[in-house]
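Asks: Questions regarding the structure given below will be posed in turn.
The values are calculated or read from the model by the stated rules, or taken from the named source; none is laboratory data. Note that the structure is a prediction, hence the values are computed from the model and not measured. Because the Cβ atoms are built from the backbone with ideal geometry, glycine has one as well, and the counts that use them run over all protein chains shown. Calculation scope for accessible area: heavy atoms of the full protein, side chains included, ligands and nucleic acids excluded. Shrake-Rupley method; radii C 1.70, N 1.55, O 1.52, S 1.80 Å.
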Amino acid sequence: MPTALRWILYPLALVAGLVAIGVALLAIVLALAYPNLPSLEVLTDYQPKIPLRVYSADGALIGEFGEERRAVVRIADVPEVMKQAILSAEDERFYQHGGIDTLGVLRAAYSNIVGGGKRQGASTITQQVARNFFLSAEKTYTRKLYEALLSFKIEANLSKDQILELYINQIFLGQRAYGFAAAAQIYFGKSLHDLTAAEAAMLAGLPKAPSAYNPVVNPKRARLRQQYVLRRMHELGYLSDAQHEAALKQTLVVKRDASEFSVHAEYVAEMARQMAAERFPDDVYTRGLRVYTTILKADQEAAFASVRRGVFDYDRRHGYRGAEAYLDLSEVKSEQDEALDELLQDVTDVDDLHPAIVLEASAKQIRAYRRGGEVVTLAGDGLKFAARMLDDKAPPNKRLKRGALIRVQRDDKGAWQIAQMPEVEAAFLSADPHSGAIRALVGGFDFNRNKFNHVTQAWRQPGSSFKPFIYSASLEKGFTPATIIEDEPIVFPASVTGSQSWEPKNYDGKYEGPMTMRTGLAKSKNMISIRVLEKIGVQYAQDYITRFGFDADKHPPYLTMALGAGSVTPWQMVSAYSIFANGGYRITPFIVSEIRDEKNHVLAQAQPTPAGDEELRAIDARNAYVMDSMMRDVTLYGTAARASATLKRRDLAGKTGTTNEHVDAWFCGYQQTVVGCSWIGFDQPKNLGNGETGGTAALPTWVNYMSRVLKNVPESFMPQPDGLVAVDAPGRAKGPAKEMFYKENMPAEPPTELPTGDSGPAVD
């Protein structure tokens, strides 16, 4: 053989031999590795971790708990635009290759060689499924080999649609979202079916790097990735020129708070979570349990809006406190500098209270930067609230100047106005007085700021809102609404109180002489309540109030009980006032109606006993009727007259409450179909301010709520029970024309209303 030919054939033979050896080794590896690949049962019997979800009674999602936020969706229910966006971003030849995209691998290799380093990957959707279910993310040749083998095995056992369905439901997309259905809800507050091409492209861009392309954390990089996906959709023929152009121009509204749901019911959701976790502790956050609460979406929205309005109104009455903090803008080069977003990164929005950084400030105008690149201008009415903090005499540590962190919100007309984070707290609870089902619950101003549930956990003094229970007790001791009692100063010596002398006063410091018990309650006269309690006995009253669900040990047997010096929760107050509203029956408030498993089987269900069962009678039906009549007078001409005047109804009943030193303000009341309680105060008890009474600070929240839930609800009144006698009450300027008496307590002579003069509107 010629020497030249040998120099050609020997290297070729060597290469061929090496290739043969390599193929043989690969075959051996495959023969040994393939049988040892994991079973695909985890794919064929897909059991994803589905979080605990909490719903309103009418089906609105109000809470979700679990490490993986996931909503499993069938491939048939995934809209085409979402599929097209995913394929364009991740694997355009998915329906053509057999698990490994050879063309894609060659294209990636060429790109990496030309680019001088590893710049492009070529993982198919099948490979990503293999990796997500069976392998780690380590970048080794061994892992790559197993990934390829698993991909072939998956393709051999599952259809393309089955593989794509697994991918769509399993892939991690940031913000604890697993799967595109969950991501659509978390990022855009939408179902998959409602996504636009622009939104679908944004989500489809996330699998490559969920943190880098997260539209919440990195909106600019997310936008660049979205534009790439839209371009690929256009190049592959999924979008026309016009559709592509429209998608690029669409402004996306990304939810910044991943825990945000269609209705604010965070305190309710947390209560439901605790109940479910106590009942099913082992797998409560992974098995897809669904907890259905009793709250109504419309009622909850009304309660939330009413509480916030009440808090904001109170806050504005007490003035602007100045800048929240000051941020260093020395490195900021322009009004669109990315550093501004970085400075706001750890400052959260609180619903419609948005953080902003002051860029320029003068006495007439403020220009401030909002997260996302918007520069807002505040002037005129939008600046009035904070005017004193723009003055040269403003405290240096609170003055509004460049770098100040402020809050802005839109007013009723959509214009920006300056605002602030309130310091005061508030709570509201409403229920069906006949079944005990909670209709709405707001445990505080903002759950993310303060998770303490003021409805169930806050023990506060009820003030005058407790007086109806003392009056109810007196009816069983022979008192009547027409009983005449002196509204005059009184002093109790130390020998009576057991400690030091006590000289209580009426709230307004005014005394009007003798008056009926009915008028005393309507005007919330402290002297009347104290004298009533003194007559019936504190021990009797302490025992009597337990009929309403109050704890005796929380209400020591002293005359201060008449002024609401004990401790209650709003939950207790709603339960207690329900007894007046339903004719005298003790009901048990409940907030979870049932718990279902992932297959919709009922695991637990509430079994409420509605009002009407005589075994649950707490007070005489006559007592409830008379008290209802007296408390309607409170809302007609007493301390809560604003309620009937605003709502234009005569079937409202309730009682205001203001504690000593204006620490707590209450209004608890009802209409025959709904009972509600409003409270406002500080977590660290302190004076709310002069004039901040129950009628001023708490009643407006109750009225605003009732104005929405009682719309189109006809007036209704409690039927008069047997055993009551109506007697004319001549000469009465206010209140009913007839007075009600227990039959056995009928007076020998018809009652007359003593003149009380006109001391102006009652306050409490």
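Asks: In nm, to one decimal, how far is the modelled label at residue 450 from the one at residue 374, with both set 7 Å along Cα→Cβ?
Replies: Going from the residue 450 label point to the residue 374 one covers 2.8 nm.
Asks: Compute the signed sum of charges (Lys and Arg +1, Asp and Glu -1) over the other residues within less than 10 Å, Cβ to Cβ, of residue 347.
Replies: Net charge in that neighbourhood comes out at -1.
Asks: Okay, moving on. Restricting to Cα pairs below 8 Å that are 6+ residues apart, what does the relative contact order work out to for the chain? Please round to a whole percent.
Replies: 11 percent
Asks: Only loop residues by DSSP count here, and only those with at most 16 other Cβ atoms within 10 Å; note down the trypsin sites (Lys or Arg not before Pro) in segment 186-238 that meet that.
Replies: Here the sparse-neighbourhood loop sites are 190, 208.
Asks: Another question, then. Starting from the Cα of residue 277, step 7 Å along the direction of its Cβ; do the same at residue 333; then give the gap between the two resulting points in nm.
Replies: Reported label-point gap for residue 277 and residue 333 is 4.7 nm.
Asks: What is the sum of charges, Lys and Arg at +1 and Asp and Glu at -1, for the other residues whose Cβ falls under 13 Å from the Cβ of residue 381?
Replies: Net charge in that neighbourhood comes out at +3.
Asks: Going by alpha carbons, how many degrees (0 to 90, nearest 10) lie between the helix axis of 219-235 and the longest principal axis of the chain?
Replies: Compared with the principal axis, the helix lies near 50 degrees.
Asks: First compute the accessible area of the chain with a 1.4 Å probe, then give the percent of it belonging to carbon and sulfur atoms.
Replies: C and S atoms contribute 53 percent here.
Asks: Charges on Cβ only, +1 for Lys and Arg, -1 for Asp and Glu, centred on the Cα centroid of segment 454-524; of 507, 482, 464, which one is farthest towards the dipole's positive end?
Replies: Sorting the options by dipole projection puts first 464.
Asks: Give, as a single signed number, the net charge of other residues whose beta carbon lies under 11 Å from the beta carbon of residue 178, with Lys and Arg counted +1 and Asp and Glu -1.
Replies: On the way: positive: 49, 69, 70, 176; negative: 67, 68.
Neighbourhood net charge equals +2.
Asks: Please compute the per residue accessible area over segment 536-658 with all protein chains in place, 1.4 Å probe, rounded to a whole number of Å².
Replies: Counting only protein heavy atoms, the per-residue value for segment 536-658 is 37 Å².
Asks: For the full complex of protein chains and a 1.4 angstrom probe, list 39, 464 by accessible area with the highest value first.
Replies: Ranking 39, 464 by accessible area, largest first, yields 39, 464.
Asks: Can you tell me the order of 406-412, 444-450 when each peptide is scored by its average per-residue count of other Cβ atoms within 10 angstrom, highest first?
Replies: 444-450, 406-412
Asks: Hey, another quick one. Beta carbons within 10 angstrom, averaged per residue: use that to sort the peptides 366-374, 90-98, highest first.
Replies: Highest mean packing first, the order is 366-374, 90-98.
Asks: Let me ask another. Helix 102-115 against the longest principal axis of the chain: what's the angle in degrees, Cα atoms only, rounded to the nearest 10?
Replies: 90 degrees
Asks: Another one. For segment 189-311, what's the relative contact order in percent, using C-alpha pairs closer than 8 Å and at least 6 residues apart?
Replies: Values: 73 pairs, mean separation 24.5, N = 123.
Relative contact order of segment 189-311: 20 percent.
Asks: For the full complex of protein chains and a 1.4 angstrom probe, list 637, 544 by accessible area with the highest value first.
Replies: So, going from the largest accessible area down, we get 637, 544.
Asks: Expressed as an acute angle from 0 to 90° and rounded to the nearest 10, what is the orientation of the C-alpha long axis of helix 699-709 relative to the principal long axis of the chain?
Replies: Its long axis makes an angle of about 60 degrees.
Asks: What fraction of the DSSP beta bridges in the chain is antiparallel, stated in percent and rounded to the nearest 5? Numbers along the way, then the final one.
Replies: Numbers: 71 of 78 bridges.
That works out to approximately 90 percent antiparallel.
Asks: Excluding residues fewer than 8 places away in the same chain, name every one of the aspartates and glutamates whose C-alpha is closer than 15 Å to that of residue 220.
Replies: 199, 337, 338, 341, 342, 374
Asks: Express the accessible area of segment 336-472 per residue in Å², computed with a 1.4 Å probe while the remaining protein chains stay in the model.
Replies: So segment 336-472 comes to 41 Å² accessible per residue, rounded to a whole number.
Asks: What does the helix-only formula give at 222 nm for the chain: each DSSP H stretch with n ≥ 4 adding -39500 (n - 2.57), the total divided by the residues, and the result rounded to the nearest 500 deg cm²/dmol?
Replies: Mean residue ellipticity, 222 nm, calculated: -11000 deg cm²/dmol.
Asks: Considering only C-alpha atoms, what is the centroid distance from segment 305-348 to segment 576-623, in Å?
Replies: The distance from the Cα centre of segment 305-348 to that of segment 576-623 comes to 44 Å.
Asks: So which of 648/711; 523/711; 297/648; 83/144 end up more than 20 Å apart, counting from Cα to Cα?
Replies: Values: 648/711 11 Å; 523/711 28 Å; 297/648 25 Å; 83/144 26 Å.
523/711; 297/648; 83/144, as the Cα separations exceed 20 Å there.
Asks: Sequence gap at least 6, Cα distance under 8 Å: using those rules, report the relative contact order of segment 473-609 to the nearest whole percent.
Replies: Numbers: 159 pairs, mean separation 22.6, N = 137.
Answer for segment 473-609 is 17 percent.
Asks: Using the charge dipole of the chain (Lys, Arg: +1 at Cβ; Asp, Glu: -1 at Cβ; taken about the Cα centre), state which of 737, 592, 88 has its Cα farthest towards the positive end.
Replies: Result: 88, furthest along the dipole toward the positive end.
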